[in-house]
Amino acid sequence: MLTPKQNMLEVIRGGNPDRFVNQYEAVQLLFHPFMFSSPLLSPGQENVVNAWGVTNTFPKGVPGAFPVHTPDKIVVKDIENWRDYVHAPSLKFSQEQWDMVKAQYDAVDGNQAFKAAFVAPGLFEQTHHLCEITNALMYYITDEDEMHDLLKYLTEWELELAEGICSNLHPDALFHHDDWGGLDSTFMSPAMFDEFFLEPYKQIYGYYHSHGVDLVIHHSDSYAATLVPSMIEMGIDVWQGCMETNNLPELIQKYGGKISFMGGIENRAVDFENWTDENCEAVVRRVCEECGNKYFIPCIAQGGPGSVYPGVYMSLSNAIDKLNEEKYGIKAEESTRLPWQILF
């Protein structure tokens, strides 16, 4: 039987996987020192200011934190003078700090799973976190030069972060967040998207690929089918978070072999009050039947192993295990499926 990592490689290469990949079983998300100096929020935390000066709140019952954009809390007050407001946090960490995190990477069995450095937010998200999303989208139209300059500044910071991660932690995968759309549309046209984001992401993902990272996994739980050609050019190997509204069977048929798709199980379909195992299993079976097991990994769409309502994620995993036993003769107890929590 293939290890989870071997099986995932067979899936994304269009080889001979011996079962469906079970969500995040082959990807262990891991942090880096900046995540401790500007940590992610936990449910229930409110009005926490991060290292960029952005105020975030994480209400209970939602998938993640979001910025608070009352007028007094918007970081960029004037886009023409954004440099007066945006100050990149330091990425100078002691060797002791790097070594502490490296120990977590070393604890993961690299034969079983990819050691994936977790980076969030991405470039687009960072601009609207700093500016507020309506303002940011307007600035992309009315203040192109300033937004190009801001993105260059953010890209240089990300490249410095990438250098530290690759030289100290040596991950073999990157898990990078940046949501580029809503349920059924992208936030901007493909042409505008390419104008602002294609080259910066080619730089960032190109750096990781050229410094020992085998797999770039990009999270965008959204509609982004029209951006897939750009994703391929950027160097994205797996699009995680792809929702059903993208017509995944069509995308797999058209682009399989150039990029793979990880998702298909939308939170709205399974992750709600009074959820049931029966519904989770029905959704898993339908999505897996429609998409197959080449170039596709069934997974909850949100950007990490978990769910809003406790138990949903594990119910989905159990349903995939059950399907694998029926279809491929692989029993769950024979699997080396990893614990699904993030290692802190």
Original post:
If you scan segment 188-226, which residues turn out to be within 16 Å of HIS176 (Cα to Cα) and among the aliphatic types (A, V, I, L, M)?
Top reply: LEU198, ILE204, VAL213, LEU215, VAL216, ILE217, ALA224
**OP:** Filter segment 108-127 down to the residues that are outside any helix (DSSP H, G or I) and among the hydrophobic types (A, V, I, L, M, F, W, C), then identify the one that is most open to solvent (accessible area, probe 1.4 Å).
**Re:** ALA120
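Of all residues in segment 283-314, count the ones that are in a loop (DSSP other than H, G, I, E, B) and open to solvent by 30 Å² or more (accessible area, probe 1.4 Å).
Narrowing segment 283-314 to residues in a loop (DSSP other than H, G, I, E, B): 292-295, 301-311.
Filter once more, so that each one left must be open to solvent by 30 Å² or more (accessible area, probe 1.4 Å): 294-295, 307-311.
So the count comes out to 7.
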Subject >> In segment 18-40, residue modelled with the highest pLDDT [restricted to those that are open to solvent by 30 Å² or more (accessible area, probe 1.4 Å) and not hydroxyl-bearing (Ser, Thr, Tyr)] >> reply: ASP18
**OP:** Only residues that are surrounded by fewer than 16 Cβ atoms within 10 Å (Cβ to Cβ) and outside any helix (DSSP H, G or I): list them for segment 5-17, please.
**Re:** GLY14, GLY15, ASN16
Subject >> Residue, nearest to SER260 (Cα to Cα), within segment 18-55, restricted to residues that are part of a strand (DSSP E or B) and touching a residue at least 24 places away in the same chain (Cβ under 8 Å) >> reply: VAL27
**OP:** Provide a single number: the residues in segment 45-70 that are more than 24 Å from SER90 (Cβ to Cβ), exposed (fewer than 14 other Cβ atoms within 10 Å of the Cβ) and among the polar types (S, T, N, Q).
**Re:** 1
**OP:** Tell me the helices (runs of 4 or more DSSP H) entirely within segment 147-259 that contain at least 2 residues that are open to solvent by less than 10 Å² (accessible area, probe 1.4 Å), at positive phi and at pLDDT 95 or above.
**Re:** none
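Looking at PHE58, PHE114, PHE36, which one is in contact with a Pro (Cβ under 6 Å, 6 or more places away or on another chain) and among the aromatic types (Phe, Trp, Tyr)?
Values: PHE114 fails: in contact with a Pro (Cβ under 6 Å, 6 or more places away or on another chain); PHE36 fails: in contact with a Pro (Cβ under 6 Å, 6 or more places away or on another chain).
Within the list PHE58, PHE114, PHE36, the selection yields PHE58.
Count, please, the residues in segment 72-82 that happen to be open to solvent by 40 Å² or more (accessible area, probe 1.4 Å) and either touching a Leu at 6+ places or on another chain (Cβ under 7 Å) or without any contact (Cβ under 8 Å) to a residue 40 or more places away in the chain (or both). Walk me through how you get there before you give the answer.
Just the residues of segment 72-82 that are open to solvent by 40 Å² or more (accessible area, probe 1.4 Å), to begin with: 72-73, 77-78, 80-81.
With either touching a Leu at 6+ places or on another chain (Cβ under 7 Å) or without any contact (Cβ under 8 Å) to a residue 40 or more places away in the chain (or both) added as a condition, the list becomes 72-73, 77-78, 81.
The qualifying residues number 5.
Being within 22 Å of the chain's Cα centre (by Cα) and open to solvent by less than 80 Å² (accessible area, probe 1.4 Å) narrows it down to one residue among TYR85, TYR105, TYR140; which is it? Before you say what the answer is, go through the steps one by one.
Working: TYR85 fails: within 22 Å of the chain's Cα centre (by Cα); TYR140 fails: within 22 Å of the chain's Cα centre (by Cα).
None of the other options fit; the residue is TYR105.
Does segment 56-76 hold any residues that are in contact with a helix residue (DSSP H, G or I) (Cβ under 6 Å, 6 or more places away or on another chain) and outside any loop (DSSP other than H, G, I, E, B), and which are they? Quick ask: steps written out before the conclusion?
Residues of segment 56-76 that are in contact with a helix residue (DSSP H, G or I) (Cβ under 6 Å, 6 or more places away or on another chain), as a first pass: 67, 75-76.
If the condition is that a residue be in contact with a helix residue (DSSP H, G or I) (Cβ under 6 Å, 6 or more places away or on another chain) and outside any loop (DSSP other than H, G, I, E, B), then PRO67 is the only one that fits.
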Original post:
Among the numbered criteria (1) touching a strand residue (DSSP E or B) at 6+ places or on another chain (Cβ under 6 Å); (2) surrounded by fewer than 21 Cβ atoms within 10 Å (Cβ to Cβ), which single criterion is violated by MET262?
Top reply: (2)
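The values are calculated or read from the model by the stated rules, or taken from the named source; none is laboratory data. Remember, it's a predicted structure, so these values are computed and weren't measured experimentally. We place every Cβ from the backbone using ideal geometry, glycine too, and count neighbours over all the protein chains shown. These accessible areas exclude ligands, DNA and RNA; they are computed on the full protein's heavy atoms, side chains included. Shrake-Rupley method; radii C 1.70, N 1.55, O 1.52, S 1.80 Å.
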